[in-house]
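The structure appears below as structure tokens.
The values are calculated or read from the model by the stated rules, or taken from the named source; none is laboratory data. The structure displayed is predicted, hence computed values, not measured ones. Quick reminder, even Gly has a Cβ in these numbers, built from the backbone with ideal geometry, and neighbours come from all protein chains shown.
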Amino acid sequence: MSSDRGRGGAVPRVGTPVLDQAFDGDSLYALRAAVAAHAAEAGLPRQRVYDVVAAAHELAANAVRHGAGHGRLRLWADGRALHCQVSDDGPEERDASRPDAAAWHREHGHGLWLVDQVADQVSLERDPGVTTVTVTFIVGSSS
């Protein structure tokens, strides 16, 4: 299943990543620091760097909490925009005793709702066992 959200269009093709990093619950702090450094390097103003970091963190935290407990983040720029993609292979086995083992939520108060608010484009793709979210931030945009 594929859906486009936000102020979007087609999912941008992955260019050469400036960051390609695996993560788990113990590495979210380091992931945020790396995303911040690369977002600033891409030319985004300070507030937009915060937005990229918030979106990346929420997507990674969702992958940890609702998915396999780990995932991969890719970040690339194409001159006009910075793209951040988080993918998760899904849980090896769903634990029925875990009430949060449901699919990623997109409701007010949840991570994907926040991501929708700060990104210029959000694309969510679900294939069996795999969830991939790509968010785009226009360089020079202050929205």
Residue under evaluation G43, criteria (1) under 23 Å from T16 (Cα atoms); (2) part of a helix (DSSP H, G or I); (3) of a type outside the set (V, I, T), criterion not met:
(2)
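With A81, A55 as the choices, which residue is surrounded by 14 or more Cβ atoms within 10 Å (Cβ to Cβ) and under 22 Å from V130 (Cα atoms)? Please lay out each step first, then the result.
On the way: A81 fails: under 22 Å from V130 (Cα atoms).
A55 is the lone residue from the list that is surrounded by 14 or more Cβ atoms within 10 Å (Cβ to Cβ) and under 22 Å from V130 (Cα atoms).
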Report, by residue number, each residue of the stretch 27-36 that is of a type outside the set (F, W, Y) and loosely packed, with under 13 Cβ neighbours inside 10 Å.
A30, A33
Restricting to the stretch 54-89, name every residue that is of a type in the set (D, E) and not in a loop (DSSP other than H, G, I, E, B).
E58, D88
Check whether at least one residue in the stretch 20-30 is of a type in the set (A, V, I, L, M, F, W, C), within 15 Å of the chain's Cα centre (by Cα) and at pLDDT below 95, and report yes or no.
no
Top-ranked residue of the stretch 105-123 - restricted to ones that are surrounded by 19 or more Cβ atoms within 10 Å (Cβ to Cβ) and either part of a loop (DSSP other than H, G, I, E, B) or of a type in the set (S, T, Y) (or both), ranked as modelled with the highest pLDDT
A119
Taking the stretch 41-66 and keeping only residues that are at pLDDT 95 or above, of a type in the set (A, V, I, L, M) and over 13 Å from the mean Cα position of the chain (by Cα), one is left with V49
